[in-house]
Amino acid sequence: AIKSELEQGTVRILSAKSSGSGFFITPNLIVTNNHVVAGASGGQLYITSKYLGEKPIQAKLVTTTPNSEIANADFAILQVDGLPKKVKPIPVGGVPTSLQGVIASGYPGSGIRGDANEITPSTVYTSGEVSVVQPQPNGVSLVVHTAKIDFGSSGGPLINRCGVLVGVNTFLAPPKDGESASITYYALAGGSLRSFLDKSSVAYAKSDSVCGSAASN
């Protein structure tokens, strides 16, 4: 059931300068990272997914956060109209807890490289758990997790095992010289996204419990 929901809710974001991932929060609104769409000129944003079909669908940029600097809110909202199929919006949760199981979906370069369809590759899924939540002075919470992501995963959803969004995958950090640790994967907490959506006066489905049912905002 979770795979089916993610298949319907996750999309690839394409622009002239970059590609990334995103997900539906309503039947026609998509969330991604600001840095995924930065620099895209008018009319040059598209979404694709196997579920929606082979043809890219044009998207319109609605609003973004002021910047995409690391540890700041890094979000953008896109609007699409005339979708060929109904989609499954992902309910937005709050801040996860350490050791909570999570699933990431999106279009990482390392995962789609072998796909024969370069424009609309299959969605890539990885699983792991939350390592730690790091609140920042600006109110944003970073979620460090072990569900493998890569370049191209930015903007994709990080959900718990009940299908509720707990983070938006945003960046990764390689180990510094002398460190024995591996690459660290970061998401912006669902609660940080909710703050942005509320300030933007966007209605969306939300869930305040770890595995609760979605309620309209």
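No lab work stands behind these numbers, since they all come straight from the coordinates. What you see is a predicted model; the values in this text were computed from it and never measured. Note that each Cβ is placed from the backbone with ideal geometry, even for glycine, and that neighbours are counted across all protein chains shown.
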At each listed q (0.14 Å⁻¹), what is the log10 of I(q)/I(0) that the Debye formula gives for region 31-124 modelled as equal alpha-carbon point scatterers?
-> -0.68
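Working out 0.36 nm times the residue gap between SER200 and VAL132, then minus their Cα-Cα distance, what length gain in nm do you get to one decimal? Mind dumping the intermediate values first?
Details: separation 68, 0.36 × 68 = 24.48 nm, distance 2.81 nm.
Length difference between fully extended and current span is 21.7 nm.
Could you pull out the pairs from LYS88/LYS176; LYS55/LYS148; LYS60/LYS199; LYS176/LYS199; LYS50/LYS148; LYS55/LYS199 whose alpha carbons sit more than 31 Å apart here? Write out the running numbers ahead of the final one.
Details: LYS88/LYS176 40 Å; LYS55/LYS148 28 Å; LYS60/LYS199 19 Å; LYS176/LYS199 36 Å; LYS50/LYS148 21 Å; LYS55/LYS199 33 Å.
Over 31 Å apart, Cα to Cα: LYS88/LYS176; LYS176/LYS199; LYS55/LYS199.
Counting each DSSP H run of 4 or more residues in the chain as -39500 (n - 2.57), what helix-only mean residue ellipticity at 222 nm follows after dividing by all residues, to the nearest 500 deg cm²/dmol?
Details: 4 runs with 26 residues, N = 217.
Here the helix-only value at 222 nm equals -3000 deg cm²/dmol.
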Filtered chymotrypsin sites (Phe, Trp or Tyr not before Pro), region 85-194: DSSP coil and at most 11 other beta carbons within 10 Å | none
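Compute, for region 1-132, the length of the dipole vector about the Cα centre, with Cβ point charges of +1 (Lys, Arg) and -1 (Asp, Glu) only. Units Debye, rounded to 20.
320
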The set of residues whose placed amide H lies less than 5 Å from the amide H of LEU45, leaving out same-chain residues fewer than 5 positions away, is ALA59
Fully extended contour minus Cα-Cα distance, from GLN44 to LEU83, at 0.36 nm per residue | 12.3 nm
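Length gain on complete extension for the stretch ILE119 to VAL95, per 0.36 nm per residue less the alpha carbon to alpha carbon distance? Mind dumping the intermediate values first?
Values: separation 24, 0.36 × 24 = 8.64 nm, distance 3.32 nm.
5.3 nm is the gain from fully extending ILE119 to VAL95.
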Proximal charge balance of VAL166 [Cβ under 15 Å; K/R count +1, D/E count -1] = 0
Within the set GLY93, GLY53, GLY114, GNM on the chain using Cα springs under 10 Å gives the largest fluctuation to GLY114
Just report the Cα centroid separation between region 1-24 and region 149-168, whole Å.
-> 10
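Around VAL102, what is the net charge, scoring Lys/Arg as +1 and Asp/Glu as -1 over all other residues with Cβ under 15 Å from its Cβ? If you can, show how the numbers build up before the last one.
Working: positive: LYS3, LYS148, ARG161; negative: GLU5, GLU129.
Taking every Cβ under 15 Å from that of VAL102, the sum is +1.
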Above 14 angstrom, tally the Cα pairs of region 14-55 and express them as a % of all pairs, no decimals.
-> 50
Only Cα pairs under 8 Å and at least 6 apart count here; give the relative contact order of the chain as a rounded whole percent.
-> 22
Net charge of neighbours whose Cβ lies under 13 Å from the Cβ of ASN138, counting Lys and Arg as +1 and Asp and Glu as -1 = -2
So, in Å, what gap is there between the alpha-carbon centers of region 81-118 and region 185-210?
-> 16
